[in-house]
Ligand SMILES: [Zn+2]
């Protein structure tokens with residue numbers, strides 16, 4: 001694993017995380033300089049990367065700890081703006097789901 005010091009690097013070390021630099025669907029190399037940090041807390045980053053070829057996106061959590069950098073990613077179809085819009089939205093409850101179902105099938 002690679003270590004980084006967030007005090008030295010203001011941006012997450014995208015170049016050190018190979019899976020984040022290649023689109024998981026079409027294998028096109030991301031322009032990682034266009035990846036955007038959605039949230040940052042201490043040595044943790046929530047990052048959005050977008051593939052211009054197939055238009056899929058990856059939302060990744062990068063955490064620096066004593067063991068190095070750990071990361072986990074999720075393929076999404078949300079744009080960066082969508083993620084910003086929904087990141088602090090209220091969670092959908094089971095009651096919300098049932099209410100929507102009942103409204104649809106009245
Ligand atoms: Zn792609």
Taking into account only those residues within the range 33-56 that are touching a helix residue (DSSP H, G or I) at 6+ places or on another chain (Cβ under 8 Å) and in a strand (DSSP E or B), which is farthest from residue 70 (Cα to Cα)? 50
Given the condition in contact with a strand residue (DSSP E or B) (Cβ under 9 Å, 6 or more places away or on another chain) and touching a residue at least 40 places away in the same chain (Cβ under 8 Å), answer yes or no: does some residue in the range 53-60 qualify? yes
Would you check if residue 20 is within 12 Å of the chain's Cα centre (by Cα), at pLDDT below 85 and surrounded by 15 or more Cβ atoms within 10 Å (Cβ to Cβ)? yes
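The values are calculated or read from the model by the stated rules, or taken from the named source; none is laboratory data. Just so we're clear, the structure is a prediction, and the values are computed from it rather than from any experiment. Cβ sites come from the backbone with ideal geometry, for glycine too, and all protein chains shown count toward neighbours.
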